[in-house]
Structure formats: C-alpha cells, structure tokens
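The values are calculated or read from the model by the stated rules, or taken from the named source; none is laboratory data. All of these numbers come straight from a predicted model, not from anything done at the bench. Positions of Cβ are backbone-derived with ideal geometry, glycine not excepted, and every protein chain shown enters the neighbour counts. All accessible areas refer to the heavy atoms of the entire protein, side chains included, with ligands and DNA or RNA removed. Shrake-Rupley method; radii C 1.70, N 1.55, O 1.52, S 1.80 Å.
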Amino acid sequence: MDYDYDYDYDYDYEQEHDYGWEYERKEIMAVGKRFRIACVGAGNVGASVAQYCAEMELGDVVLLDVIEGLPQGKALDLTQAGPIRGYDSIITGTNDFTHLSGSDVVVVTAGLARKPGMTRLDLLAKNGAIMTQICESILKYAPESIVIVVTNPLDVMTYLAFKKLGVPAQRVIGMAGCLDSARFRAFVGLELGVSAKNVDTMVLGSHGDDMVPLPQYTTVSGIPITKLLPPERVDAIVKRTRNGGGEIVALLKTGSAYYAPGASAARMVQSIVRDEKQLLPCSTHLSGQYGLDDIYIGVPVRLGKYGAEEIVELELSEEERSALHRSAGEVRAGIRGLVELNVL
Ligand SMILES: NC(=O)c1ccc[n+]([C@@H]2O[C@H](COP(=O)([O-])OP(=O)(O)OC[C@H]3O[C@@H](n4cnc5c(N)ncnc54)[C@H](O)[C@@H]3O)[C@@H](O)[C@H]2O)c1
C-alpha cells in the first residue's frame, strides 16, 4: 500500500501559538470545540483558576496580567505540569489584552485585596479603576464572552462590571456563594466526620460578614443537618463560614485564600462551558426577585452556556429574608461609594 506522508518539518512554535491559528481551529471544530478561558489577573487566585481549568480539561487558558513575566512564567510552569497531571490545554501567559479575543469565558481576578490601613473606599477606588479598564478591554476584544467576576468587594465589583459592559445581566456573574457554600460544606463534613461530598448547602447574600448561610437547606445525603447537629453547633459552623476568609488571612498573615476561590470559579466555568446547568449560589443581577431590585447579590442560579440562565427563588424565613436585605444594604453602600468616587 502506498502512503503519501506529508510531513511539515518547518514547524513554527510561535506561529502555532499565535491567536489567529487557535481561533481558526476552534471555528472549524464543529464537535468537541475547545473553549478559550481567559483569567485576567495572574496572581494567586487567577493562577489557581487557570490550574483547575486545565486539570478539569475545560479548554485552553489565557493568563493575563499587567506584571511583565508573571503570567508568562506561570503559564509555562502550568504547561510543564500537564504531562504529569494528564492535561494538554494550551496555556498562554501574556500582558497583551488583545489576547482576550475569542474567549468564551473571562474570569476577572485582577485587583487588590484589602490591606491593613486601607479603608473600604480606598479599595473601591483602586479595584473600581482596575475593573473599569478591564471591562473596556473585554468589550473591545471579547464582547460575546461570559464574565465571571472574582475581585472584591465582590457584589459591588460585579455590579460595576455589569454597568460598564452594558451586556445582558445573565452574562455577568460574581463568584462568592460557591466558595462560601464550599466552606460551609467542608466545616459540616469535619464536624460530623462525614465526607464533605455528601453535604449540600446554599448560602445567600453578599460576600462578607453579612452572608446568609441557610441551615434549613443544608443536608447530608438528604438528611437535614438540623437533625444531625444541635442548634449551637450549627450556629458555630455558620459563624465560622462567615469568617472563612478572615480565618485564612489571619493564618497566612500576607495574602488571602486562593485554592478554594480558584476551585469555585473553575466550577462555575465548568457548568458554563459544558452547559451542565448546575444550580449554584452566584452573585447575580436581581430585578425584583427576593424583593430586591437592580443589585448584584448571591442567590441560587442555574448556570449554563448562556450564563445565569435562571434565578431560583427560595422560600425564606422572616429572619433569613431580613438578613438578605441587610446584606443588600451593604452592597448598596458600596455602590453609593462608587458613585461618590465617580467610578459609576
Ligand atoms: N470572590 C471571592 O470569593 C474572592 C476570594 C479570594 C480573593 N478574592 C479577590 O480576588 C482578587 C485577587 O486576589 P489574589 O489573591 O489573586 O491577589 P493577587 O495580588 O495575588 O493577584 C492580583 C493580580 O491582579 C493583577 N492586576 C492588577 N491590575 C490589573 C489589571 N489592570 N489587569 C490585569 N491584571 C491586573 C496584579 O498584577 C496581580 O498579579 C482580590 O480582589 C481578592 O480580594 C475574591
């Protein structure tokens, strides 16, 4: 039998990794499309999102940061872990915002965490300016993408991104509830000595001290935790969940959590690119649901290929409802802060 091999020995790495080539390939692959996930901010959280997305084989990853060399170095390091961890995602590190082009999902982790001596308004001013600039680039290079915001203060920054982008609200989603509920699940698992995988829960509200964990919707393999734990232990777990981020900051001394935040954002990416329709707590735009209007706050959302496809309204006790509204008051104060600063 005659074989007509047509080897191309002029393999050009640079050309192969050029955006144009990747995009072409994506377009022609009708089946098994490779998604492009951009992580804006290649710090601790951004790099973790990139790592988990690659390990879960969700698509090719672009790691973007303003610090020269940082995203390139991390991308190369993650690429070299691929053969061992069993993934072959193309991971590109860049300082060039044009590389956002063709992204299906953009995860924004760029920004500062609040440092000692910094007021909430200082943080709003700094991260508000960063978010504004990033939204301009998203609009320019990836206007069709679904945007997941991670930068704090989470609900306020997600609202800002929504306003700056001017795209349908379902395409701008904030990551917080996934993390808060993962913390809650982990603590319940530890308390009961059972697998946290068997624990299911829901956490509403803003990301911070005012979050609203819902013990009445928390179960272990279908059994309500209220039947497994006395009320004082449930209260203690709720309190620890509320302080979940603070507990880690106090231990680390510099910096804040990133493994669980990275994993939470990657889980949201997974539900979107695989159109899994997972019901996850996400910061989403409310227009009347839960008695709240024109605000971003954490509620259960069905996440699929169109983004936040449906908001699920749960029946809440009077106490839970007022806790949610209190939490919304905090978000509104942040939004007012942005207006004062002329960011919004
Ligand atoms: N929503 C949540 O649950 C949650 C959880 C953890 C952290 N966070 C927040 O995520 C953000 C990042 O945290 P981190 O630990 O990764 O911080 P980090 O300091 O490690 O990383 C932030 C990165 O953003 C980059 N950056 C700044 N401006 C940029 C711009 N204009 N474009 C691109 N990159 C830019 C910085 O160079 C830095 O590398 C913080 O605001 C933090 O508070 C949120």
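Straight Cα distances below 24 angstrom link Lys115 to the lysines Lys126, Lys239, Lys253, with same-chain residues fewer than 8 positions distant left out. Of all DSSP beta bridges located in the chain, what percent are antiparallel, nearest 5? Antiparallel bridges make up about 50 percent of those DSSP assigns within the chain.
Tell me the GluC sites (Glu not before Pro) within region 45-101 that lie in a loop according to DSSP and have at most 15 other beta-carbon atoms within 10 Å. In loop regions of region 45-101 (DSSP not H, G, I, E or B), the sparsely surrounded GluC sites (Glu not before Pro) are Glu57, Glu68. Relative contact order of the chain, taken over Cα pairs closer than 8 Å and 6 or more residues apart, is 16 percent. Eigen-decomposition of the gyration tensor built on the alpha-carbon atoms of region 91-176 gives equivalent ellipsoid semi-axes of 22, 15, 11 angstrom, largest listed first. Restricted to Cα atoms, the chain shows a radius of gyration and a Dmax of 20.9, 79 angstrom. Here the gap between Asp200 and Leu121, fully extended at 0.36 nm per residue and compared with their Cα-Cα distance, gives a gain of 24.9 nm. Model label sites at Ala333 and Gln133, defined 7 Å from Cα along the beta-carbon direction, differ in position by 2.9 nm. Of the residues His325, His285, ranked by 1.4 Å probe accessible area with the largest first, the sequence reads His325, His285. Think of it as helices only: each DSSP H run of n ≥ 4 in the chain is worth -39500 (n - 2.57), and spread over all residues that comes to -14000 deg cm²/dmol at 222 nm. Accessible area per residue for the chain is 50 Å², calculated with a 1.4 Å probe on protein heavy atoms, without ligands, DNA or RNA. Magnitude of the charge dipole for the chain, about its Cα centre and with charges confined to Cβ atoms of Lys, Arg (+1) and Asp, Glu (-1), is about 1640 debye. Using the beta-carbon distance between Lys33 and Ile67 and R0 = 41 Å, what value does 1/(1 + (r/R0)^6) give for FRET efficiency, to the nearest 0.05? So, using R0 = 41 Å, E works out to roughly 0.85.
For the chain, the fraction of 1.4 Å probe accessible surface lying on carbon and sulfur atoms is 51 percent. Remark: spin-label model distance Glu144-Glu247 equals 4.4 nm, labels positioned 7 Å along the Cα→Cβ axis. Distance between Cα centroids, region 192-228 to region 60-121: provide it in whole Å. One Cα centre to the other: 32 Å. Calculated FRET efficiency, Asp88 and Asn342, Cβ-Cβ r, R0 45 Å, to nearest 0.05? According to the calculation, E is roughly 0.45.
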